[in-house]
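Derivation of every value follows stated rules applied to the coordinates shown; laboratory data play no part. Predicted model, so just to flag it, every value in this text is computed and none were measured. Here the Cβ is made from the backbone with ideal geometry for all residues, glycine too, and neighbour counts use every protein chain on show.
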Amino acid sequence: MGEKIAILGANGVGKSTMLKTLVGELQPDNGSVKWSENAQIGYYAQDHEYEFENDLTVFEWMSQWKQEGDDEQAVRSILGRLLFSQDDIKKPAKVLSGGEKGRMLFGKLMMQKPNILVMDEPTNHLDMESIESLNMALEMYQGTLIFVSTTVSLSARWRPASWRSLRTA
């Protein structure tokens with residue numbers, strides 16, 4: 001079972017910058033970041049509007065993340081588990097609310113099946129029911145989880161023995 005690492009701290013102290021460096025969106029000032037050869041990283045960015053700037057429908061957007069062997073039913077199944085109706089999946093993805101876009105990104109990660117999840121403020125724009133669902137899903141996640149939060153709303157669910165908390169100054 002992978003580690004669960006919470007990076008907690010106030011706004012503006014560099015938590016998101018650190019994650020962007022870990023996933024290769026930014027270059028480190030010194031040294032380098034190396035992952036193992038079998039690392040399959042799924043990244044949930046805090047600012048993800050750019051992912052929805054095209055004219056794809058909800059179904060088309062999710063379909064672009066299919067893996068080998070996935071079919072149309074696999075995409076529909078993920079969207080259904082994320083509570084998108086048959087009518088919803090025909091809408092342009094760019095018109096979704098912030099919470100709906102967040103759910104779409106969780107679906108993307110489900111389609112990608114990464115063994116390392118890097119999540120930057122994953123509870124932003126989510127209602128309490130969605131946060132609870134995310135907590136349960138992440139408790140069952142077998143891979144490594146690294147996430148950033150300004151609160152402990154996500155990390156408080158896990159026993160201290162099962163996660164590490166890194167606080168920024």
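Brief remarks follow.
- In order along region 10-17, the Karplus-derived 3J(HN,Hα) couplings, from 6.51 cos²θ - 1.76 cosθ + 1.60 at θ = phi - 60°, round to 5, 4, x, 9, x, 5, 5, 4 Hz, and Gly and Pro are given as x.
- Relative contact order of region 4-167, pairs being alpha-carbon contacts under 8 Å that are 6 or more residues apart, as %: 40 percent
- Bridge type composition, the chain - antiparallel percent by DSSP, nearest 5: 5 percent
- Among residues other than L19 with Cβ under 11 Å from its Cβ, the summed charge is -1 (Lys and Arg +1, Asp and Glu -1).
- Separation of alpha-carbon centers, region 126-150 and region 52-125, rounded to whole Å: 16 Å
- Applying both filters, DSSP loop and at most 12 other Cβ atoms within 10 Å, to the GluC sites (Glu not before Pro) of region 22-91 gives E25, E37, E53, E68.
- Each residue in M119, M136 was given a count of other beta-carbon atoms within 10 angstrom of its own, and listing them fewest first yields M136, M119.
- Within the set (i) 10, 35, 34, 19, 2; (ii) 10, 35, 34, 15, 4, 1, 0; (iii) 9, 36, 37, 16, 2, the number that P(r) over Cα pairs in 10 Å bins from 0, in percent takes when calculated for this structure is listed as (iii).
- Extension gain, N124-S32: 0.36 nm per intervening residue step, less the Cα-Cα distance, totals 30.2 nm.
- Projecting the Cα atoms of L83, G98, N124 onto the dipole axis of the chain, where Lys and Arg carry +1 and Asp and Glu carry -1 at the beta carbon, places N124 farthest toward the positive end.
- Helix content alone sets the calculated 222 nm mean residue ellipticity of the chain: runs of n ≥ 4 DSSP H residues at -39500 (n - 2.57) each, divided across all residues, give -9000 deg cm²/dmol.
- Loop-located trypsin sites (Lys or Arg not before Pro) in region 10-66 whose Cβ has at most 10 other Cβ within 10 Å (DSSP): K34
- In this rough spin-label picture, where each label sits 7 Å from Cα along the Cβ direction, the T17-R76 distance is 4.8 nm.
- Debye, to nearest 20: dipole size of region 4-167, +1 on Lys, Arg Cβ, -1 on Asp, Glu Cβ: 660 debye
- Potential lengthening between A39 and N135 on full extension [0.36 nm per residue; Cα-Cα distance subtracted]: 32.3 nm
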